[in-house]
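The values are calculated or read from the model by the stated rules, or taken from the named source; none is laboratory data. Given the structure is predicted, the values throughout are model-derived calculations rather than measurements. So basically every Cβ, Gly included, is an ideal-geometry build from the backbone, and we count neighbours across all protein chains shown. Note: areas computed on protein heavy atoms with side chains; ligands, DNA, RNA excluded. Shrake-Rupley method; radii C 1.70, N 1.55, O 1.52, S 1.80 Å.
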Amino acid sequence: MSADTALRTSRGPVRRAERALAPDLARGAMLLIIALANVAGVVFAGEPGLDTAPEGADRGLNFALFELVHARGYPVFAVMFGYGLVQLARRQDASGATPKQVRSVLLRRNLWLVAFGFAHAALLYYGDFLGAYGIVGIVMTLVLLRRGDKFHRTALVLWALSAVEVLVIGAIVVSGIGGSGGSAPLPSSHVDSLAAPDYLASMLDRLGEWPMHTLTVLPFIIITWLGMWAARRRVLEEPARHKTLLKWTAVLGLGVAIAGGLPAALVSAGWLHVDESAAGLMMMLHGASGMFAGPGYVAVFGLIAMRVTRPGPVVGALSALGRRSLSGYLFQSVAWLVLLAPFTLALGDRFGSPTVTGPIIAVAVWLMTVLIAGLLDKREQAGPAEIVLRRLTYGPRA
């Protein structure tokens, strides 16, 4: 078989029997976390989305969002992006494609992701990650993909240094809590496009916000690199062989994320009062510890997948959404624009507290994507965004 013929035969979607369950399950389930985080940002027109004067049940919701959601969802997709890059390259290699052809496919796919990201941000939502994924994917393809195991262990060193950083910041925060007075809120930046009076104004704002947002999230290449390291060892394809690693990763990853998020969560709920300097340090700790939720959550889904011998309706539906996660992600952004923008239905504050209404809308939209993905799965049809990306990457016959 020639390399060109092999490349053509590898264009179709991977058959379900060939896919590991854990990556799809993680993507499908964690789109709920993405929905909760983004809805909070939209209804409060800020980053992160935060009710600075919560009362009653709002306090508990603020606490839960800062412990489990804010800055804790996107690291999962960053890990899975790095993992998926290796899987795609491995599949191309197995089909007989040359290294040059594999590199060409990956570069083309990631360049189109940048274009998707620009369109997504311009038309729908400033907080796009697709463009950043595309840029990171290009760098990883050119610099990291064909490196040896010894070089990839650098990723583990970087994560160890990140853990030290979290410990240092945490120690500073804890030592200053006792002597910190005041009632400063957690720092949150206002997002103009989310408060714009009309669609055209919001679009113009987003065109200015997207480049800066993309630049600020590019450092997540450290997270994607860990996903690449794990994929080289087939951790999620062979979870039973890596059971101990997955258990420790789940415990330590989520443990660091929850412990590091606790001070900010307490302040967000109004249960801890600090001055402006301490609040800033707590947000720094919150962000630094949040990256550990990525491998932590992924490890949890790896352990769940290991126990699933035959997916039931719930696992099957979540996995179906995971296989169509790009479409699910973009569907959410359409929903936020239609349901929550000030110039559309603006449902966020029409039915009581936005802190309560927002999560209800987020769960409803996510459940809709689960149902739609399940229907598409029964018809053995890919998501619309996946179809477009595949054809742009491989050609119109893909």
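Summary of values
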item: Test result for LEU161, within 18 Å of GLY290 (Cα to Cα), open to solvent by 20 Å² or more (accessible area, probe 1.4 Å) and not polar (S, T, N, Q); result: yes
item: Some residue of segment 232-252 being under 17 Å from the mean Cα position of the chain (by Cα), open to solvent by 10 Å² or more (accessible area, probe 1.4 Å) and among the β-branched types (Val, Ile, Thr); result: no
item: Among (1) assigned to a loop (DSSP other than H, G, I, E, B); (2) free of Cβ contacts under 8 Å to residues at least 60 places away in the same chain, the one test that LYS247 misses; result: (1)
item: In segment 267-313, the residues that are modelled with pLDDT under 95 and of a type in the set (S, T, N, Q); result: SER277, THR309
item: Single unsatisfied condition, ALA53 versus (1) in a helix (DSSP H, G or I); (2) among the aliphatic types (A, V, I, L, M); (3) farther than 28 Å from GLU237 by Cβ; (4) open to solvent by 40 Å² or more (accessible area, probe 1.4 Å); result: (1)
item: Residue satisfying condition, being in contact with a Ser or Thr (Cβ under 7 Å, 6 or more places away or on another chain) and among the aliphatic types (A, V, I, L, M), within set LEU330, LEU337; result: LEU337
item: Pair list, Cβ under 8 Å, 6 or more apart: segment 100-125 residue at positive phi and open to solvent by less than 10 Å² (accessible area, probe 1.4 Å), other residue in a helix (DSSP H, G or I) and of a type outside the set (A, V, I, L, M, F, W, C); result: none
item: Conditions (1) over 29 Å from SER268 (Cα atoms); (2) of a type outside the set (S, T, N, Q); (3) more than 21 Å from the chain's Cα centre (by Cα); (4) buried (at least 19 other Cβ atoms within 10 Å of the Cβ): number failed by ALA317; result: (3)
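So that you can scan it fast, the table gives a plain yes or no per residue for (1) open to solvent by 60 Å² or more (accessible area, probe 1.4 Å); (2) touching a helix residue (DSSP H, G or I) at 6+ places or on another chain (Cβ under 8 Å); (3) within 18 Å of GLY84 (Cα to Cα):
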site	(1), (2), (3)
VAL298	no, yes, yes
VAL308	no, yes, no
GLY328	no, yes, yes
TRP336	no, yes, no
GLY348	no, yes, no
GLY352	no, no, no
LEU367	yes, no, no
LEU371	yes, yes, no
GLN381	yes, no, no
